[in-house]
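A.B. asks: Got a structure for you, questions after.
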Amino acid sequence: MSLVDLAFPVAVIVIYFSIAISTHLRQGRSNSLEAQIERGEVAPVGCFRGTLVVVEHRPGLFLRLGQDADARRLQFQYLWITGVGPQAIFDSVAFDGSKGLVQLVGEKKEKTACFSQFSAMRMREKSNEHGSLWHVELIPLRGQPLLFLTSDREERRVSFGQTASVAKAVSSIMSLPVQVEVDGKAWTPGWPPQLDTVTDAPRAKSAHV
């Protein structure tokens, strides 16, 4: 075997591992985006579009997410056509600060859970050549995460800002930190932004649960 024949597969392996390592380094928790949500640097909550939409919002007190025609279409598309992983099929989700309860309604069944059962909320990015979407879920003290919402697929930064507005609203009602996990396969130069160490240093402790 010549050196040329040997060099080609070695080069392919090196490129493959370089991409894999780069993807691994880019994915995971993003403190800079968590800090943006904590500071309220997000879109207006009414801009969000996804498998549910904002029906009623009283800042810091109450938020109800429900369905419209576009939300039903998107939920059907994600479940049966494009596939974006496990889906939460709810007709409505409400966060009631006065009662300290989450109310989930779907398939003619109703479920409630106390705020005290959860330790955090998480946004998880999923991306492909058509853009990014975000799954939003509640992290319980015990058991599996409760997925309650998925965004529409948009340009990466736009999708984050719109979904983060709902996460911020829920966070304010439930008094929970928001975790943000970005997709390592997505690559947008200069985004996510780098953590501002001066601005964000005091909040680093509260972001992790």
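A.B. asks: Within the stretch 32-52, count every residue that is surrounded by fewer than 19 Cβ atoms within 10 Å (Cβ to Cβ) and not basic (Lys, Arg).
C.D. replies: Looking only at that region, the number is 9.
A.B. asks: Name, by its number, the condition in (1) modelled with pLDDT of 95 or more; (2) loosely packed, with under 11 Cβ neighbours inside 10 Å that does not hold for His24.
C.D. replies: With (1) modelled with pLDDT of 95 or more; (2) loosely packed, with under 11 Cβ neighbours inside 10 Å applied to His24, the lone miss is (1).
A.B. asks: Any residue in the stretch 67-93 that's under 16 Å from Val54 (Cα atoms) and touching a residue at least 12 places away in the same chain (Cβ under 8 Å): show its pairings with residues that are surrounded by 12 or more Cβ atoms within 10 Å (Cβ to Cβ) and of a type in the set (D, E, K, R) at Cβ separation under 7 Å, as long as the two are six or more apart or on different chains.
C.D. replies: What qualifies is Gln67/Asp91; Asp70/Arg49; Leu74/Asp152; Ser92/Arg64.
A.B. asks: Filter the stretch 157-170 down to the residues that are buried (at least 21 other Cβ atoms within 10 Å of the Cβ) and basic (Lys, Arg) and list them by number.
C.D. replies: Passing the criteria: only Lys168.
A.B. asks: Name the residue that is farthest from Thr112 (Cα to Cα), counting only residues in the stretch 64-77 that are touching a Ser or Thr at 6+ places or on another chain (Cβ under 9 Å) and not in a loop (DSSP other than H, G, I, E, B).
C.D. replies: Narrowing the stretch 64-77 to residues touching a Ser or Thr at 6+ places or on another chain (Cβ under 9 Å): 64-67, 71-72, 74-75.
In the following step, the residues that additionally are not in a loop (DSSP other than H, G, I, E, B) were identified as 64-66, 71-72, 74-75.
Numbers: Arg64: 14, Leu65: 15, Gly66: 16, Ala71: 22, Arg72: 22, Leu74: 25, Gln75: 22 Å.
Within the stretch 64-77, the match that is farthest from Thr112 (Cα to Cα) is Leu74.
A.B. asks: Please go through the stretch 72-104 and pick out each residue that is among the aliphatic types (A, V, I, L, M) and at pLDDT below 95.
C.D. replies: Kept after step one, since they are among the aliphatic types (A, V, I, L, M), are these residues of the stretch 72-104: 74, 79, 81, 84, 88-89, 93-94, 101-102, 104.
Leu74, Leu79, Ile81, Val84, Ala88, Ile89 - these are the residues of the stretch 72-104 that are among the aliphatic types (A, V, I, L, M) and at pLDDT below 95.
A.B. asks: Which of the residues spanning the stretch 129-156 are part of a loop (DSSP other than H, G, I, E, B) and touching a residue at least 12 places away in the same chain (Cβ under 8 Å)? Write out each step before concluding.
C.D. replies: Initially, the stretch 129-156 is screened for residues part of a loop (DSSP other than H, G, I, E, B), giving 129-130, 141-145, 152-153, 155.
Hits for the stretch 129-156 are His130, Leu141, Pro145, Asp152, Arg153, Glu155.
The values are calculated or read from the model by the stated rules, or taken from the named source; none is laboratory data. Here the structure is a predicted model, which is why all the values come from computation and not from measurement. Neighbour counts are summed over all protein chains in view; Cβ atoms, including those assigned to glycine, are modelled from backbone coordinates with ideal geometry.
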